[in-house]
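Novice: First, the structure itself, so that you have it in front of you.
The values are calculated or read from the model by the stated rules, or taken from the named source; none is laboratory data. Predicted, not measured: the structure shown is a model, and the values here were computed from it. Counting neighbours? That spans all protein chains shown, and the Cβs are built from the backbone with ideal geometry, glycine included. Protein only, heavy atoms only, side chains kept; ligands, DNA and RNA dropped before computing areas. Shrake-Rupley method; radii C 1.70, N 1.55, O 1.52, S 1.80 Å.
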There are 2 protein chains.
Amino acid sequence: MLDTTLRDGAQARGISFSVEDKLKILSALDDLGVSYVEAGNPGHNPKDLEFFKRAASVGLKNARLMAFGSTRRRGISVGEDKNALSLLEAGTEGVCIVGKSWDFHVTDIINAAPDENLAMIGETVGFFTRHGKEVIFEAEHFFDGYRDNPDYALATLKAAEDAGAGCLCLCDTNGGAFPDEISIIIKKITTSFATPVAIHCHNDCGMADANTVIAVCSGASQVQGTFNGFGERCGNARLSTVIPNLQLKKNYSCIPDEKMRNLTTTALLISEIANDGIGDGSPYVGKNAFAHKGGMHADGVEKDERSFEHVNPDAVGNKRQILTSEYSGRTSVLSKTRKLGLPLSKDSPETERIVNRLKELEHQGYQFEAADGSFALVILKQLGKYKPFFELKNYRVLGEQPYEDGKSASALIKIIVDGKTEVTAAEGDGPVNALDKALRKALEVFYPKLMEVHLTDYKVRVLDEKSATASKVRVLIESADGTESWTTVGVSRDIIEASWLALVDSIEYKLLKDGID
Amino acid sequence: MLDTTLRDGAQARGISFSVEDKLKILSALDDLGVSYVEAGNPGHNPKDLEFFKRAASVGLKNARLMAFGSTRRRGISVGEDKNALSLLEAGTEGVCIVGKSWDFHVTDIINAAPDENLAMIGETVGFFTRHGKEVIFEAEHFFDGYRDNPDYALATLKAAEDAGAGCLCLCDTNGGAFPDEISIIIKKITTSFATPVAIHCHNDCGMADANTVIAVCSGASQVQGTFNGFGERCGNARLSTVIPNLQLKKNYSCIPDEKMRNLTTTALLISEIANDGIGDGSPYVGKNAFAHKGGMHADGVEKDERSFEHVNPDAVGNKRQILTSEYSGRTSVLSKTRKLGLPLSKDSPETERIVNRLKELEHQGYQFEAADGSFALVILKQLGKYKPFFELKNYRVLGEQPYEDGKSASALIKIIVDGKTEVTAAEGDGPVNALDKALRKALEVFYPKLMEVHLTDYKVRVLDEKSATASKVRVLIESADGTESWTTVGVSRDIIEASWLALVDSIEYKLLKDGID
């Protein structure tokens, strides 16, 4: 396994690592047991040279650090090439040297003669092996080159092998190859060359992970990729997918078995540092990788996990989730009622009533997958276990322009609790914020525990966008009180009303769970 | 090609389609030339039955509409099965019938005897063929079943074929299969059965797209997937990847050649309706699929596109992008000023001023990629070519609960045009709708042409969700006047103010472009 998140991954749009970021990712990959980390191009990027200097003090336990560079420039010796010298300066045990394997690139892009390119490969690889470095030769555009001119593509590998390269890496640089041809070509190369062969795939046809797995099954002994698939254009092969595929399904050993459970947290950490999601639907490590929404599916995994899971989520440190929705029906209702301490049977009329009510609400635009708080309230209401904590007499929210004191909205509210009326008002940044403050102010008189609650997230989604400003909106509010967090939902054509519904659910859920009545 | 975005895609977390949404997606897939659209399970979901009724009036040009359901329940005849009857009620030309092909599922999940399951398959398929429906048999967990008990898995296909199924679809329901075994199994099935074979893959190992392509190359004649890969857990095979792979790389015909350029816009449209991104790195149709981040790659594609592109972006309706932000910032300003008939040079102080103003606004949360109308106004303001069409004295928006006559909000507005004051008011569904109506009512007195303008889209995005109800929001409004459509943007902590800013831009853009002053 060679991870190149820190070099190829950094070529993705929107990704830019600081030296600190790179050191953190290096440590995480080393902890996981990745055997090579290819971490930068010191000739192109002065930040990378600083990184390599600081990385020397990290004390790697498993990973060998590699610096990346190209074959020497035309017309000079390697010893005169600034980029080659900065690779030496990086002081790593090994280097990855990229060279052209597609004759079209040699003649049309770098304007070199085919033989000159072979000399550039041989001399550059030789230079670094003489300096005691482990050299991986990166055969750029190998598969395109092999398709156009196989003899020349093979000659580039031969030049690197003869000069002492420790590994020949076949790159699908443009991401245009398919598993069937990858399999044939890898078989041919691994039988023709004594040097170990690696595979490096890009995802422009959506084939990077498949090509990588198939290459290993066809004889490649090393894999290059980026942990979360970050990379130029459509990205690189994702090691977070390739590692479990090879280790759990194809019986290869990539990292120590006991580290397999750290796959998900490592993916999340790298994603956090890169400030770029791994994709909720990412195989094995994504948030949705073991999330079941279909009724039959949810039902099946409760009976036997094998029924709708290709692997146990524990094996990669991920978690199973049963989502609530019109598709999931009874099973998720039963699992929620069990959690609420109100177990129901699958065929009871109460279960049916709850399922029907959920369908009705979903038809109106509600969604309960994320809104656990509102979901619990729907159940309690259907079971007759719910009693309101207050009665709203009325509210009025005023937004104005121009406005004073930096607050563009104010709200007035009148509520009744146990026969006692409370009238109050508040100002805020916009109508929803003002109403939120007024409601809390009024209720805290009766329920001081509400002072513990803070809103931690607020989302608005327009449902039927084509109705423009008269569109229905769905508001999701996440609340927390220091020990727990919960999400509630409201739907209306009026954003104030939708927010109001979600706010009320949030407060009632808090009071119910604390057993205040 | 069978697209199941509307059924399997809707099983993805966070996706929930209204009947309107489903009709729009159906039309888009039909326009593209997709041959089958599998669109819902009327037995499970009352919304789906409404959809099928309305779909009958869409007038499909290419697609055949399919309804989805299971084999009959145990112990009853198909004619007594409610789900089967609602499939008939859907009134589609064809149905997809899912049945168990893995004996473990038969015995352990649905607690049926193996022979009983075969009878359920045969009787259900037979029922629908007798009713004149085209039947696709969906062999659930076929590959897992074939691995465990090939004879039984084959027997389930045989039961469906004997009962008249028009197609046998082999499903990798848990997404655990790899291209090598898919190839072997598909070859075996396509030579053993006379009925056409389809492939339906899930992406739990990251193999869905590869497995699908390899299945076709091994003899499968139909593909099932979802256009953007939406689906349960890690999703389904992505037709937006599979179609160009097969049609541009493997010489199969999936959709009419002249429609290939609509792949990207179709993917964006479906993503927009689903309110879920397609992933910037998605093969072929993603925003980054042909984005080159400077350096050697940008240089290479300038010399010859083949150097770093596996296919021409035009072929799928996508665009090449060179990501050198400073340069591209100026480029888009220059191209816009040219369109406005106000050509600037790259190094002029005006260009610099506009680029700086855009950066300032972007820092505040504005985004101009989609907001062409507001972008034009920023340019005109910086060039001193802008003069306001009206002056706002004040507005007041009132939202209340309870409310009368079905309108929860009202707005009062005072504006001045050429020294003349207009005061008016309107009611609406929520504060933004009320203010929108009041503003138009006031302005139409002076500018009757505004009666041509309709708002066609309204979007809200919460920018710093963690500030909860005091979060900044960005509002995008799309307007149209019968000959043109334009989008404008506003940002504020107050949703009314953010909407106001976008509304004013929309109106000013209309008046400017019509040359009214």
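Novice: Keeping all protein chains in place and using 1.4 angstrom, which order do B:Glu360, A:Glu508 fall into by accessible surface area, from largest down? Numbers along the way, then the final one.
Specialist: Numbers: B:Glu360 95, A:Glu508 5 Å².
Output order, biggest surface exposure first: B:Glu360, A:Glu508.
Novice: Same structure again: Hey, if we sort B:Glu116, A:Glu258 by accessible area with the 1.4 Å probe, largest down, what's the order?
Specialist: Largest to smallest exposure gives the sequence A:Glu258, B:Glu116.
Novice: Follow-up. Treating the point 7 Å from Cα along Cα-beta-carbon as the label, what are the nm separations from B:Asn111 to the other copies, to one decimal?
Specialist: Inter-copy label distances (nm, one decimal, shortest first): 7.9.
Novice: Could you give the alpha-carbon Rg of the stretch A:78-148 over 2.2 N^0.38 Å, rounded to two decimals?
Specialist: Output field value: 1.16.
Novice: Could you work out the equivalent-ellipsoid semi-axes for the stretch B:214-297, taking the square root of 5 times each eigenvalue of the Cα gyration tensor, largest first, in whole Å?
Specialist: Working: eigenvalues 94, 63, 35 Å².
So the equivalent ellipsoid measures 22, 18, 13 Å along its semi-axes.
Novice: In whole angstrom, and with the biggest value first, how far do the Cα coordinates of the stretch A:257-321 range along each principal axis?
Specialist: 38, 26, 13
Novice: Would you mind estimating how fast the stretch A:373-456 diffuses translationally, via Stokes-Einstein at 25 °C and 0.890 mPa s with the Kirkwood radius over Cα pairs, in µm²/s?
Specialist: Stokes-Einstein gives a translational diffusion coefficient of 172 µm²/s.
Novice: Another question about this same structure. I'd like the per residue volume of the convex hull spanned by the Cα atoms of the stretch A:459-500, given in cubic angstrom. Intermediate values should be presented prior to the final figure.
Specialist: Working: hull volume 2.1 nm³, N = 42.
Expressed per residue, the convex hull around the Cα atoms of the stretch A:459-500 is 51 Å³.
Novice: A follow-up question, please. Let me know the mean shielding of A:452-458 by other chains, meaning the per-residue number of their Cβ atoms within 10 Å of its Cβ.
Specialist: Average per residue, whole number: 4.
Novice: Quote the Stokes-Einstein diffusion coefficient, in whole µm² s⁻¹, for the stretch B:2-255, based on the Kirkwood radius over alpha carbon pairs, a temperature of 20 °C and a viscosity of 1.002 mPa s.
Specialist: 119 µm²/s
Novice: Normalised by the number of residues in chain B, what is the relative contact order in percent for Cα pairs under 8 Å and 6+ residues apart?
Specialist: In percent, rounded to a whole number, it is 8.
Novice: Could you work out the relative contact order of the stretch A:172-242, using alpha carbon pairs under 8 angstrom and six or more residues apart, expressed as a whole percent?
Specialist: Reported relative contact order: 33 percent.
Novice: Two-decimal Rg/Rh of chain B from alpha-carbon positions, Kirkwood Rh?
Specialist: 1.06
Novice: Okay, next question. With equal scatterers on the alpha carbons only and no solvent term, can you work out the Debye log10 of I(q)/I(0) for the stretch A:340-405 at 0.14, 0.18, 0.29 1/Å?
Specialist: The calculated log intensity ratios at q = 0.14, 0.18, 0.29 Å⁻¹ are -0.59, -0.81, -1.31.
Novice: If you count only protein heavy atoms and use a 1.4 Å probe, how large is the accessible surface of B:Asp299, to the nearest 10 Å²?
Specialist: Roll a 1.4 Å probe over it and B:Asp299 shows about 90 Å².
Novice: Also: Enter the mean projected area of the convex hull around the alpha-carbon atoms of the stretch A:128-261, in nm², rounded to one decimal.
Specialist: Convex hull of Cα atoms, orientation-averaged projection: 8.5 nm².
Novice: B:Met451 label points, 7 Å along Cα→Cβ, one per copy: pairwise distances from this copy to the rest in nm, shortest first?
Specialist: Going from nearest to farthest copy, the values are 5.9 nm.
Novice: Sticking with this one: Working from the pairwise distances between different alpha carbons, so that the mean of 1/r is found and then inverted, what is the stretch A:329-470's Kirkwood radius in Å?
Specialist: It is 18.0 Å.
Novice: Just to be sure I follow: if Rg is taken over the C-alpha atoms of the stretch A:1-62 and Rh is the Kirkwood radius over the same atoms, what is Rg/Rh?
Specialist: Reported Rg/Rh, Kirkwood definition of Rh: 0.93.
Novice: Shifting gears a bit: Arrange the residues A:Tyr386, B:Tyr395, B:Tyr36 by how much accessible surface each exposes, largest first, with a 1.4 angstrom probe.
Specialist: A:Tyr386, B:Tyr36, B:Tyr395
Novice: In whole Å, how far is the Cα centre of the stretch A:64-141 from that of the stretch A:185-251?
Specialist: A separation of 23 Å, based on Cα centres.
Novice: Over the stretch A:291-382, what lengths in whole Å, largest first, do the semi-axes of the equivalent ellipsoid take, defined as the square roots of 5 times the eigenvalues of the alpha-carbon gyration tensor?
Specialist: 23, 14, 12
Novice: Also, I was wondering about something else. In terms of the ratio Rg/(2.2 N^0.38 Å) built on C-alpha atoms, what value belongs to the stretch A:4-134?
Specialist: That ratio works out to 1.10.
Novice: In a solvent-free Debye calculation with one equal scatterer on each Cα, what is log10 I(q)/I(0) for the protein assembly as shown at q = 0.06 Å⁻¹, listed in the order of the q values?
Specialist: Those come out to -0.51, one per q.
Novice: Heavy atoms of the protein only, probe of 1.4 Å, neighbouring chains included. What is the accessible area of B:Lys158 in Å², nearest 10?
Specialist: Counting only protein heavy atoms, the figure is 100 Å².
Novice: Under the convention of a label 7 Å out along Cα→Cβ, give the distances in nm from B:Asp257 to the same position in every other copy, shortest first.
Specialist: Once sorted, the set of distances for B:Asp257 reads 5.6 nm.
Novice: How long are the semi-axes of the equivalent ellipsoid of the stretch A:391-513, defined as square roots of 5 times the Cα gyration tensor eigenvalues? Whole Å, largest first.
Specialist: Three semi-axes, in Å: 23, 19, 14.
Novice: While we're on this one: What relative contact order, as a whole-number percentage, does the stretch A:391-513 give when Cα pairs under 8 Å and 6 or more residues apart are counted?
Specialist: Details: 247 pairs, mean separation 19.2, N = 123.
This gives 16 percent for the stretch A:391-513.
Novice: How much of the calculated P(r) for the stretch B:412-483 lies past 18 Å, in percent of all Cα pairs?
Specialist: The proportion of pairs with Cα distances above 18 Å equals 53 percent.
Novice: Now for a different question. Roughly how many Å² of A:Cys171 are accessible to a 1.4 Å probe, to the nearest 10?
Specialist: 10 Å²
Novice: Using amide H atoms built 1.01 Å from N in the peptide plane, name the residues 5+ places from A:Ile322, or on other chains, whose amide H lies under 5 Å from its own.
Specialist: Here the answer is A:His292, since their amide H atoms fall under 5 Å of that of A:Ile322.
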